[in-house]
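Notes follow once the structure below has been shown.
The values are calculated or read from the model by the stated rules, or taken from the named source; none is laboratory data. Note that the coordinates shown come from a computational prediction; the quantities given were computed from them, not determined experimentally. Note that each Cβ is placed from the backbone with ideal geometry, even for glycine, and that neighbours are counted across all protein chains shown.
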Amino acid sequence: MGLIFRRDVAAQPKPPIAVRVRSRWSPGRNWVLHVMVLPALILTVLFSYFPMMGIIMAFQEFKPWLGFGNSPWVGLTHFETLLAFPETRQVIVNTLVISILKIIFNILVPLVFALLLNEVRFGLFKRAVQTVTYLPHFLSWVMLGAILTDMLSIDGIINSTLVSLFGIEPIFFLGKSDWFLGTIVASDVWKNYGFSTIIYLAALTGIDATLYEASAIDGASRWQQTIYISIPSILPILIVVATLSLASILNGGFDQIYNLYNPLVYDVGDIIDTYVYRIGLLSGRYSFAAAVGLFKSVVGFVLIFISYRLAYKYAGYRVF
């Protein structure tokens, strides 16, 4: 005879009573926290939001002695000049070329360096190499600009070495358009690749060690483990870094360019930020410089939105 199991509803434990959480804002209880946030809020308003009033200069023929209220309005005249002026178009092209090259090499070089450093088994040597490569990241471009200008000059150490060892004519790295672009990209990569390697090393250390052990049993070499295990495992991080880099595609690096460029290389080295500085502050065309800056900000905002959408779509990355 089969057994019949009857579910006694009355015997079941009653679900706990839901506790209603107060969601009303209660400044009386949290006033200390609000006071702690207040200085940061004031600084943000003063230095991030209040200066945005200057955007109206882009739609005026701004005169400092007349102020924002009395300067004549010109509408979109400065934006029309921005799109029609050949010098401005060249500046935008220069910014895109420099930024894209920096993005590409600032991803590839740290990735390759991280893969190589990950193969080092001698811990002391590995830490020493990491420390040496990290150091340039913490130096300002003011200091590095002076060092590079001295090293890359006609009678600098690099040209002296090329002349003495290979008999090559001195190269004006910072004064010729053919060499300036490569010098800018190479020096930026040299400064940042050590610090950027941290991201990929952290991703590599998170890979399951059993994958390498299983592949070694199957006869995979270290090169095959790198190609089929290491790189695919850190591919999501690589996608996130690449997509988020799109947001800075109009930031060619003002500090670096300003400290290294000169009028001889304006045709390839002048970017939006340095152009705004020269036109706005040095030439006194405040309204036109404001229009260029606003154009860059709007395009940058759109690129930030697109980059975060791509990062979420292809790598599941979300800010919140």
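Here are the numbers for the structure shown:
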item	result
Count - residues of segment 299-320 that are over 17 Å from the mean Cα position of the chain (by Cα) and either of a type in the set (Val, Ile, Thr) or surrounded by 16 or more Cβ atoms within 10 Å (Cβ to Cβ) (or both)	1
Condition met for Leu294 (touching a residue at least 60 places away in the same chain (Cβ under 8 Å), of a type outside the set (Val, Ile, Thr) and surrounded by 14 or more Cβ atoms within 10 Å (Cβ to Cβ))	yes
Of all residues in segment 145-179 being among the β-branched types (Val, Ile, Thr) and within 28 Å of Val97 (Cα to Cα), the one that is surrounded by the most Cβ atoms within 10 Å (Cβ to Cβ)	Ile171
Number of the exception - Phe62 against (1) among the hydrophobic types (A, V, I, L, M, F, W, C); (2) under 24 Å from Tyr258 (Cα atoms); (3) in contact (Cβ under 8 Å) with a residue 60 or more places away in the chain	(2)
Residue in segment 161-168 that is modelled with pLDDT under 90 and in contact with a helix residue (DSSP H, G or I) (Cβ under 6 Å, 6 or more places away or on another chain) present	yes
Sole residue being loosely packed, with under 12 Cβ neighbours inside 10 Å and of a type in the set (D, E, K, R), chosen from Arg89, Arg121	Arg121
Residue in segment 254-274 that is surrounded by fewer than 16 Cβ atoms within 10 Å (Cβ to Cβ) and either on the phi > 0 side of the Ramachandran plot or among the charged types (D, E, K, R) (or both) present	yes
Val91 being out of contact with any Pro (no Cβ under 9 Å at 6 or more places or on another chain) and either farther than 16 Å from Arg285 by Cβ or not in a helix (DSSP H, G or I) (or both)	no
Segment 111-126 - residue that is assigned to a helix (DSSP H, G or I) and farther than 12 Å from Leu204 by Cβ and, of those, modelled with the lowest pLDDT	Gly123
Top-ranked residue in segment 198-223 [being closer than 13 Å to Leu115 by Cβ and of a type outside the set (A, V, I, L, M, F, W, C); ranked as modelled with the highest pLDDT]	Tyr200
